[in-house]
Structure formats: C-alpha cells, structure tokens
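Report on the structure given below.
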C-alpha cells in the first residue's frame, strides 16, 4: 500500500478551529471531521444550518461506501463484493474469476486502468502481492533505521520472485451490470487511489448542491478546495510545501516544524503529494519505502517528494504515485500537453518544475 505523507501545511492555521462562522448569505461554516478509510478526514464547508445534518451524513456515506468496497484486509459483510472478496475468491480458487461489482467500484477501477495506460504501467493496482512483500519488510523497522544486507537480499529476492501478471485486471459491462475479471496470481490494492477518489466524489457532491466554499483534507495525501476562502483577502487558499530535507535532518526532534520551500495559492483545485521522507528505512545510503515501482519491483529513489495539482483528486492520487517512480524525462513526457502542474524535490535539494504556473511560488 502506498504510504504517502502530506507535505502541505495550512498557512491559515485557524482553518479548522472554528466549527461555525455565520456568513452574509445565511451559510454557516461547518467542520468536517471523519475517521474513515484508515485515516482522518478533516475540513469545512459553508452550508445552511438546517441542511447540514443531511449533507454531513451523505459525506460520511460516500467515504464509508469506498471504505467498504476498497478495504484490502477486512472481510466485508455478506453480499458485499469488494476488493477483499475478489482477492480472496481468486486466491482460493486458484483461477481467474469474473465478479459482478457495484458501479462505484467499477468507476474507481476504470480510473485506475486509465492511469495505468497514461503512465505506461507505472501505476498498476493489480500488483498487491508485490506491495505486500515490501510493506511487510518495511513495517518491521523504525523510521530511518539501518537494515542489514541479509535482510535487503531476502526481500529483494522475494520481490523478484513475485510474478507480474500481464493484463491482470479487466472490466466489462453486460445488460447494465458491471463486472471485474482478475487473473490468478494478481491481487488488487487501491491504497494509491481510493482516498483521493472518494474525496473528489465528496467535492463533486458539494458542488452539485451549489456549495462552492469548502476545503477537505483527504487523509494525509490530498487536499481538495472550492472557489473561495473568506479568510483570505484575495479569496484564495494558501498552502505551504514542507522542505523534505529539513524534515529528514530533524527526525529526532519531536514536534519539529519543518521549513517551507514553496507556497501554493489557488482556488477550485486539488493538491496531492507523494513522498518517502517521513517513512523509510535505509541500507548503505539506499532508501526503502512504500511506493513500489511495478516496473523495477522495488522502491525508487529519484526524488524525496513530488506534488501535483489539477482538478481531480482521484487522478492526482494515483498519478503522483506513478510519477514518483519515474525518471524526470518520463515525467515530462507524461505531463506534456496536460494542465497538470508538478513540483519535484530531489535528494540533492534541487527543485524541478513541470508545467509551472504562478500558483506555486518558490521561497
């Protein structure tokens, strides 16, 4: 599972401290705080007081739906054919299986297949077994711990022996019903896309209701925000990007507040970050982390962090994962002719920008 850590600090530290704030349009600032999808979702939205209970329940329902459908480790209730069910069915039968699924899951998997095609296979949600190999290894150690050559050799051999199943996952529709086919030997893992996808669904829901003033921190990887910020004279949202090297250099200082290296300013968009610098182990200068390349079968060390911004949190969540494992020239090729902006921080402290705009300012 992808472990990514938000490197976006709120410049407006009071953003979540007020549960309610009356507005001239009879809308009230309401706090969003939900524990779901193995993370904590927080934010706010301006909404009428009498409509808030219904709106909040629907927001929770959206996250709960995707939590149930995408959880890879906990069995779902009888009749729920989510990722856990599909993986177990294929593994136990030792053959490919086609399963009827809910549209919500079909749509999410469809987005994942699109990202796979866009990135030339650098995003592959059917490589759960490879991800498990590295996750189980890394989770045995403390952050930044030095590991032995024997341990690295063992996990590398296990990863290399894990087969890459070609075209492991496919989708189909028949008579208005939705199906996924998973080949034996593959395992679905949606950790790199599910929370961002669900958060974008919440943003879409609020927009459909006409609520344009909101901010949602989708669980330590992605922030989605609306058309205006009343606590800024210019009406924009400002977010600081942490300096990864400063974080690494001060890992032993509890509560250290990292320096910022850039500021993002904008509205009606999404900012998503993938990085390795807050959870890694190392061996002779090489880092091992949770973002695994399906191409090389191991964590790559091209960059400390990569932040992407556009208007689709689900797309950005999966895309940032894939880009993190790519050489820079490949990133530029993938993002060519798109409106996706990327800012990359290397191990040497170099800042690389792709499709730069005035929305991000280097400090």
Check whether at least one residue in segment 276-286 is in contact with a helix residue (DSSP H, G or I) (Cβ under 6 Å, 6 or more places away or on another chain), farther than 30 Å from residue 47 by Cα and at pLDDT below 95, and report yes or no. yes
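Output the residue which, of all residues in segment 115-147 that are assigned to a helix (DSSP H, G or I) and under 16 Å from the mean Cα position of the chain (by Cα), is surrounded by the most Cβ atoms within 10 Å (Cβ to Cβ).
Start the filter on segment 115-147 by keeping residues that are assigned to a helix (DSSP H, G or I), which leaves 115-118, 128-138.
Filter once more, so that each one left must be under 16 Å from the mean Cα position of the chain (by Cα): 115-116, 128, 131.
Details: 115: 22, 116: 19, 128: 21, 131: 24.
By that ranking, first place goes to 131.
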Need pairs with beta-carbon distance below 7 Å; first residue more than 7 Å from residue 281 (Cα to Cα) and within segment 131-154, second part of a helix (DSSP H, G or I); sequence gap 6+ or separate chains. 133/155; 133/158; 133/159; 134/155; 134/159; 137/155
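Considering only residues of segment 219-237 that are under 19 Å from residue 191 (Cβ atoms) and modelled with pLDDT under 85, which is surrounded by the fewest Cβ atoms within 10 Å (Cβ to Cβ)?
Residues of segment 219-237 under 19 Å from residue 191 (Cβ atoms): 219-224.
With modelled with pLDDT under 85 added as a condition, the list becomes 219-222.
On the way: 219: 25, 220: 17, 221: 29, 222: 28.
Among residues in segment 219-237 that are under 19 Å from residue 191 (Cβ atoms) and modelled with pLDDT under 85, the one surrounded by the fewest Cβ atoms within 10 Å (Cβ to Cβ) is 220.
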Determine if segment 287-304 includes at least one residue that is in the same structural domain as residue 354 (by the TED database) and free of Cβ contacts under 8 Å to residues at least 24 places away in the same chain. yes
Given the conditions (1) touching a residue at least 24 places away in the same chain (Cβ under 8 Å); (2) within 21 Å of residue 105 (Cα to Cα); (3) not assigned by the TED database to the domain that holds residue 28, every one holds for residue 174 apart from (1)
Quick one: count up the residues across segment 308-363 that are assigned to a strand (DSSP E or B), within 21 Å of residue 290 (Cα to Cα) and in contact (Cβ under 8 Å) with a residue 60 or more places away in the chain. 2
Please specify each residue of segment 235-270 satisfying the condition of being out of contact with any helix residue (DSSP H, G or I) (no Cβ under 9 Å at 6 or more places or on another chain) and without any contact (Cβ under 8 Å) to a residue 12 or more places away in the chain. 249, 250, 252, 253, 254, 255, 257
Odd one out for residue 341, checked against (1) buried (at least 20 other Cβ atoms within 10 Å of the Cβ); (2) in contact with a helix residue (DSSP H, G or I) (Cβ under 9 Å, 6 or more places away or on another chain); (3) under 30 Å from residue 285 (Cβ atoms): (3)
Of all residues making up segment 209-262, the number that are within 30 Å of residue 46 (Cα to Cα) and in contact with a strand residue (DSSP E or B) (Cβ under 7 Å, 6 or more places away or on another chain): 26
Residues of segment 76-101 being in contact (Cβ under 8 Å) with a residue 12 or more places away in the chain, more than 19 Å from residue 165 (Cα to Cα) and not in a helix (DSSP H, G or I), in sequence order, are 80, 81, 82, 100, 101
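The values are calculated or read from the model by the stated rules, or taken from the named source; none is laboratory data. Not measured: the values here are computed from a predicted model. Please note: Cβ atoms are built from the backbone with ideal geometry, for glycine as well, and neighbour counts cover all protein chains shown.
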